[in-house]
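The structure appears right after this line, and notes come after that.
The values are calculated or read from the model by the stated rules, or taken from the named source; none is laboratory data. Note that this is a predicted model, so its numbers are computed, not measured. Cβ atoms come from the backbone with ideal geometry, glycine included; neighbour counts cover every protein chain shown.
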Amino acid sequence: MSCSVSEYAAYYYNNSQNPACGEKYKDGANLYGFGEMNGPEGQDEMLKRVASSKATMEIAQKAAGIQNKIKWSIGEFSQVNEEGENSTTKWSQTQFDVKLEGVEEVGSVCESGTRGYVCYKLLKMPKTAILETASASLKEKDEDLYREWVSSDEYKQLVAELEK
């Protein structure tokens with residue numbers, strides 16, 4: 001199944017129904033971020049930087065959604081302890097940030113086309129990388145909660161969902 005960055009750009013902007021692009025870069029086990037910038041020829045470096053920044057922002061927005069799922073999973077787990085009592089104070093005091101790690105470039109290209117001269121960038125990041133950084137951050141903040149959470153059914157369900 002082949003899909004160049006240019007073909008993906010056409011698919012992304014609904015100018016193409018190329019199913020290969022839709023399937024290949026559909027968020028599954030990976031998140032994809034796409035960025036583009038058009039401008040004058042000869043300004044490739046600046047256009048590439050802006051396209052890269054936009055692609056990174058798109059991945060960051062998607063990663064924030066995954067981060068919320070992770071926080072929800074921990075919150076759901078920690079709301080009721082083994083005795084059936086609420087234990088939300090433990091969770092409410094545990095806040096952490098997730099870093100964008102494991103981001104790789106799928107491809108980039110600058111070309112003249114129907115939209116003028118434009119540079120595209122496509123990035124990918126494994127969803128499990130978000131879980132790994134969140135887990136490490138939680139472990140650093142509250143090791144007991146971390147150990148309980150990673151052995152919970154909520155954690156196992158989350159891992160299965162992120163690996164789809």
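Could you tell me how many of the residues in the stretch 40-63 are over 10 Å from Leu123 (Cα atoms), at pLDDT 95 or above and touching a Phe, Trp or Tyr at 6+ places or on another chain (Cβ under 7 Å)?
1
Exactly one condition in (1) at pLDDT below 85; (2) crowded, with 16+ Cβ neighbours inside 10 Å; (3) outside any loop (DSSP other than H, G, I, E, B) is not met by Val106; state its number.
(1)
Can you name the residue in the stretch 20-45 that is of a type in the set (A, V, I, L, M, F, W, C) and over 17 Å from Ile59 (Cα atoms) and, of all such residues, is surrounded by the most Cβ atoms within 10 Å (Cβ to Cβ)?
Looking only at the stretch 20-45, we keep the residues that are of a type in the set (A, V, I, L, M, F, W, C), and these are 20-21, 29, 31, 34, 37.
Those still in the list that are over 17 Å from Ile59 (Cα atoms) too: 20-21.
Values: Ala20: 14, Cys21: 21.
Here the residue is Cys21.
Just one of (1) of a type in the set (Gly, Ala, Ser); (2) in contact with a Lys or Arg (Cβ under 8 Å, 6 or more places away or on another chain); (3) in a loop (DSSP other than H, G, I, E, B); (4) over 25 Å from Glu161 (Cβ atoms) trips up Gly28, so point out which.
Unmet condition: (4).
Name the pairs: first residue in the stretch 11-22 and under 18 Å from Gly35 (Cβ atoms), second residue assigned to a loop (DSSP other than H, G, I, E, B), Cβ to Cβ under 7 Å, at least 6 apart or on different chains?
Tyr11/Asn18; Cys21/Cys3
If Ala60 meets every condition in (1) in a helix (DSSP H, G or I); (2) free of Cβ contacts under 8 Å to residues at least 40 places away in the same chain; (3) hydrophobic (A, V, I, L, M, F, W, C) apart from one, which number is that one?
So the condition that Ala60 fails would be (2).
Quick one: would you say Tyr32 is in contact (Cβ under 8 Å) with a residue 24 or more places away in the chain and not polar (S, T, N, Q)?
yes
Pull up the stretch 109-134, narrow it to residues that are within 21 Å of Ile59 (Cβ to Cβ) and out of contact with any helix residue (DSSP H, G or I) (no Cβ under 7 Å at 6 or more places or on another chain), then point me to the one that is surrounded by the fewest Cβ atoms within 10 Å (Cβ to Cβ).
Filtering the stretch 109-134 down to residues within 21 Å of Ile59 (Cβ to Cβ) leaves 109-110, 118-134.
From what's left, out of contact with any helix residue (DSSP H, G or I) (no Cβ under 7 Å at 6 or more places or on another chain): 118, 124, 126, 129, 132-133.
Numbers: Val118: 19, Lys124: 19, Pro126: 17, Ala129: 20, Glu132: 15, Thr133: 20.
Filtering the stretch 109-134 for residues that are within 21 Å of Ile59 (Cβ to Cβ) and out of contact with any helix residue (DSSP H, G or I) (no Cβ under 7 Å at 6 or more places or on another chain), the one surrounded by the fewest Cβ atoms within 10 Å (Cβ to Cβ) comes out as Glu132.
Could you tell me whether Trp91 is farther than 30 Å from Arg49 by Cβ and modelled with pLDDT of 65 or more?
On the way: farther than 30 Å from Arg49 by Cβ: yes; modelled with pLDDT of 65 or more: no.
So Trp91 fails the test.
For the stretch 134-151, which residues satisfy the criterion of being touching a residue at least 60 places away in the same chain (Cβ under 8 Å) and over 23 Å from the mean Cα position of the chain (by Cα)? First the steps, then the outcome.
Of the stretch 134-151, the ones touching a residue at least 60 places away in the same chain (Cβ under 8 Å) are 134, 138, 145, 148-149.
Once the filter is applied, which keeps residues that are touching a residue at least 60 places away in the same chain (Cβ under 8 Å) and over 23 Å from the mean Cα position of the chain (by Cα), the stretch 134-151 yields Leu145, Glu148.
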